Structure formats: C-alpha cells, structure tokens
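Structure, as structure tokens:
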C-alpha cells in the first residue's frame, strides 16, 4: 500500500504547490492508518526494522535508481516525523537533509539542459530483481557473520575502492548500497611531528586537502555506486519539497544550515536551464518554479522570526545574483511582496538595533535595485514611514560621542537605497511622507559627511532624485541645501568635513552651474540646483576667500597644503559664474559683490589702513580672476571696462610698497600679489579679446601704460628694492611667455630697459633667467590650465607663509 500511494502521489503533491498557496501542509498530510499507522505495522519488531522495511518497499516502487536513493531518505524523514515525534532528534535526519542539500548543489552547478536520457540509469545487468527485506534477514538464523545492519548514512574515509569503503552491504548474492558521505583522510588530525613543517609545505598540504575534498564529496548511486552528476526535474523537485518540509516542521534543527539551504536554492534558480527561465512564467512540475515557491513560502514562514534581519546581516557570496533571485521569487507573492520584505527588515531594526549596519546596508543596496518602481504602491508608502524612523535612529547612532563613523562604502550603499526610493512615482502623490523621509535622510547625510568620503556621482544622484521627486519648490532642494549648508558651516570652522568632501561639494556646485570639472561622470543628466542653494551664502564665500588665515586653518585640520588653494579657487569660480550671469555690459554685479573696485584709494589722500585693505582687495581680485579663467570662455565676472580701476589699485600698492613693506609681514607680500594680478588680468583680457570683446586688447594696453610708470618709480628707491622688482617683473615676462601672450610681443621692447633702470647691466642671476625665456620659444600650443595650477599653488603658499609669520587672534 505504501509503495502504491507514494508512486501515485509524488507528482500530484508537486502540482499542488502553486503560487499564492500560503498553506504549509500542502506537501505532506499526516499518513493514514492504512499504510503508516502502528496498526499497519505492528510494533512486534524494532522501530528501526519497520522503517527499513518501508524504505525497501519504496526503493522497489521508484521508477528510477536516483529516485530510489532519494525516496529512501525521504521516507525515513517522513516516517521519523510521525513515529518519533519526541526529542532527542536522531542525527540520521540531519544527515539525510545534508544529502538533499548536496543534490540541490550539484544541480545548481549544471548549466546545460538536462534531458531524460542524460539522467543516470543503472544497467539491467547490474540490477537485481530480488532484494531481501530486513524482516527476512532477521528471521534467517543461518549465521551470516558478515551482515551488519547499516545506518541511514555512513561516514567513511578515502581508501581503496572496497565494498566496506564504499558503503556496500553484502546480502547473499545481492549487493545493496546506501548513500555515503565521504570524509577525506587529508582532514584527519595530524601528529605532533607534522606540525613542524615549513610554511611552504603547509600551504601545499592545504591545497592538496582542498583538492581531495573536491574530488571526494560526490553523490553516488545507491544501486551501482556510479557517481551521479545530473538529476531530472522530478528528482530535483522532490528534493526541494523535502527541504521545505524539513524547514517548516523542524525550524530549530534547520537553523544551523538555513542560509546554506537558501543559498543553494537561489543558485539553482539563478542557473538557466530552459528559455522561459528568464521570465516570471510559472511552469507546474518545473524544478525552478518549485524552488521559487520554496523560497517565498520559507521566507514567509520565518518572517516573524527575524529572518530578514539575519539574512541581510549575513556576508553573502555573489550577493548581486542572490538578491536578484530573492526579488524575483517574491515578485508575484501577495503574502510577502519584495517591498514588504524590506518593511519587515525595518521593523526588526527598530526592535533590535545592531552594533553595525554596514553589512545590512550593503545587502539592502543590492536587493532594492532589483525591485520594480511601478508596482506595490501601498507597500512603498508604508515603507517610507518605516524608513523615516530608521534614518532618525541611524542619525542618533552615528551622532553619539563614542559612535563609529560610517565608512565610504556604507554611505554609498545608503545613498543607493535612498535614490531608488525617491524614484518611486507613487511617493510623489503623498505630500507628507516623502518630505519627512527626505528631511530625516538629510540630517543623516550631513552627519555622515564629517567622517568619510562621498563620491561626487552619489551626491549628484541623490540630490537629483530629490529634486525630481518632490513637488514643492522649497522641498526639492532639501538634500542639496543640507549638503551646501554643511560646506558653509565647515568653511566657517563650526564643523569639520572629511578632507575630500570639501572639493566634492564644490564640484557639485560647479557641475550644476554648467562648468567643466576634472571628475569624469558617466551621466551628465543631473539637476541638483546646487548653484541656487549657494546663492544666499555668496557673501560668506567672499569673506572666506578674503581671509588670509583660512588656508593655514584647513592645513591644521586636514594636513594638506593644496586643499585650501583648491577650495578657494573653486568657490571663486562659483562666484565668478554667478557674477557673469548678467548679460548687460555694465558694472551692476561688480557693485553688488565687490563695490570697492569702483572706488580705488588715492595715493595723495590715503587713509591709515588703506594699504592693508588694498592688499586684501588685490588678493581677492586675483582669486576671482583665477576662478574665471578656470571656468568656461564666456565667464567674465569683471567687465573689461574696469581695467582702469584695476590699474589704479595696482598703482596704489606699488607706490606705497617702499614705505609700508617694513611695517608688517602682510605688507611684505604686497609686491608678489600685485605682479600676479597683472599676469592674471593680462591673460583674462586676451581671452576676452579672443572670444567675446573687441576692445579688450586696447584696454589691456592702457592698463600697462598706467602700471609701468609705477614700476619705474619703485626701481629708484634702493638697490635691494630694485632687485626685488626686477625679479618679480622677470617672472611676469616668463609667465606671459609660457601662455604665449600677444602682449609680450608688442611691449617687450619697452619692458627691456626696466631691467637695467637701476643697474648699468642686468645682474647675472637675472640674465640666466632672461636668456632662458628668449632662447626657448614655445613650439606647441600652451596649456593655460597647467599655468593656472602653478599660479594657484604659489598664491596659496604665500598666503600660508604670511599667515604663519603674522600673529592673529580668533575672536
């Protein structure tokens, strides 16, 4: 009776396993008394004998030798469940489940399609039609000394192929073989003397042991002992049903190997065998459909046992493929949708916050990108509320004094999760949930920028997603405003950012303004509105550029000499772009941002602090021109018509340098800044004459006509001062020669006498530098960007040295 029922119901029970069936008694109902009750099998003999008897009947009834070996183990487990329902649990059941998992692993490694004729089948010559049952063997008192009653599994070591080593039982003229788990000799404990081997020998031994394990851990047929490498659909489906029954009925016993089971099943699903495997089509009696149903039912059954938290907090090999299969399996399962699966994770985190969520966010980032954005509308709205609570708790966790700052990978994964959530169209219809969620995320992001680097592309992605997802204008810039505000707080030294984040946020502002940045981007379709978010802080940025000591302060915080200059030039470029937005060729933007340019001080009626203020203004103009030259060709923050005012400022500094240079260290650097402003203004006007202005070159000639007399007047004071002026002037000629300036060709004949104004002939040290300029003409088109980098570095280093030499006090 047991044989007939088993044979007729195998496929029937498999077909009953269809999507949407949330019951857990679909695979096996409690056996009736006709074939599985104590009445059908009187307990006159031992219980183990009864089990083996049923196994032999099942072995005879199976149509395939692979099915026979499987059904022996399968019947053992079911009979064990309903006859031995009390603890302790036998180790045989655990070993049986190990065999089933091993079979699924073998199947998951197959890539080619397995047809019916490829499955292992024993030959008729090796098969035997008569097999003695255990009852008949026990009743025979013929004294078979070699007969040993086998257990359900046998652990052996790798030896020569003998009947005892392969788990063969001799029963008269018939050999009955049982599935074995082979334990290689290479893993056995070593003697004490062998531990004294060298490291090279130890590595070789480990490699050989791994190879032995790979070769030895194979499944063999229980009839002919041939290695089984392929299984048909029915066998694999029955293995999956057995695993699900085991997970459902004995979850505590399955806990140690739970992840191993789930990972093996996902590998089976991820391996395509038929063309329809790339779709969500459900095919009855197909092993892949059965595996998907097993995953969804198992996860649903264990969802109340914190399976989501444990699964996301596990280091998973090939996580991309694993989470893709999980999302695919839950896609059409109403009881546990893919989005609700994340909601359960958030609920578990709310109840029990772990010490670190780094691994959780990594797995969540892999999983959430596999979920469709156009489905599960209500589930997404519910998830937004739970994620708001999560980010509030996350922000509190990283804000503690003893908390560990999140790493770069952790921040990147959280940004991926948030970006994907903000792309859900359903959330835009709800005016409250997305805004509160974005605000909670913005606070967490602002705090995370202090401890770890964030990539520019991640910031652009999440700010763009927020700008497109929300409806109201003041809500669109929520994330962008938080990031820009954090930069403003850091340049005021009220907070401290990670070293790389200063330039990253500045690049985000320039990218939104349409400027070219040095960071390559795969996609340029970003709209962060960062250039609008920084507009209220432009005057604070100007104060940062004008401050002489900020580069020294940044160096103390970050131990970087170049960060202060890089940040200043990028913020100056942002101001230059904003100043050049006005199409009118007037000085209204100049009056708004730098009104002092329109009223330069007079040499005859100078105020007591006018010289120091003029040096500061010259430095600010140098940084603004540096920013404008780094920007696109159309960026002209200072109109060319202001050339006269620019010359007046330089004339005032050069005229007062002889008397004011000895009063302070700041005044000593005035000559350096004045000549560098002349270089930058020359390059600035020549670029304007090339691309936009027709009068720029004429204004440039007038500029040098005003500055040259002041240089000649400064040469007449003393020999030391004349040497300083000659050195700076020669550096100016060399710089203009590097950028292939057209002005140098016209004015060089007028400038040459300046070098000999005080001396009868040019000094030797200056003659060598002048000869190098004259004898090395530029044969290639000059790279203005390389020259700008050198000027930027020189100005920042002079400011750094000046700040270190002059005392200053923090108010």
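Quick note: the coordinates plus some simple rules give every number you see, no bench work behind them. All figures in this text were calculated on a predicted structure; none of them were measured in a lab. Neighbour counts run over all protein chains shown; Cβ positions are idealised from the backbone, glycine included.
What's the ranking of 287-297, 587-597 by average number of surrounding C-beta atoms within 10 Å, highest first?
287-297, 587-597
Please state, as a whole number in µm²/s, the translational diffusion coefficient that the Stokes-Einstein equation yields for segment 536-805 at 25 °C and 0.890 mPa s, with Rh defined as the Kirkwood radius across alpha carbon pairs.
128
Can you give the alpha-carbon Rg of segment 687-759 over 2.2 N^0.38 Å, where N counts its residues?
With N residues counted in segment 687-759, Rg over 2.2 N^0.38 Å equals 1.22.
In the calculated pair distance distribution of segment 322-413, what percentage of Cα-Cα distances lie above 22 Å?
Of all Cα-Cα pairs in segment 322-413, 30 percent lie more than 22 Å apart.
State, in angstrom, two size descriptors of segment 502-560 derived from its alpha carbons: Rg to one decimal place and Dmax to the nearest whole number.
So, for segment 502-560, Rg and Dmax equal 13.8, 38 Å respectively.
I need the Debye-formula profile for segment 366-533: one equal scatterer per C-alpha, no solvent, reported as log10 I(q)/I(0) at q = 0.09, 0.20 1/Å, two decimals.
For the requested q values the scattering log ratios are -0.29, -1.44.
For segment 220-234 and segment 296-336, what is the centre-to-centre distance using only Cα atoms, to the nearest Å?
Rounded to whole Å, the Cα centres lie 31 Å apart.
Any number yet on Rg/Rh for segment 595-702, C-alpha, Kirkwood?
0.99
Of the peptides 716-723, 687-694, how do they stack up when ordered by the mean number of other Cβ atoms within 10 Å, highest first?
687-694, 716-723
Compare the peptides 797-804, 375-382, 746-753 by average per-residue count of other Cβ atoms within 10 angstrom and give them in order, highest first.
Those peptides, ordered most packed to least, come out 797-804, 375-382, 746-753.
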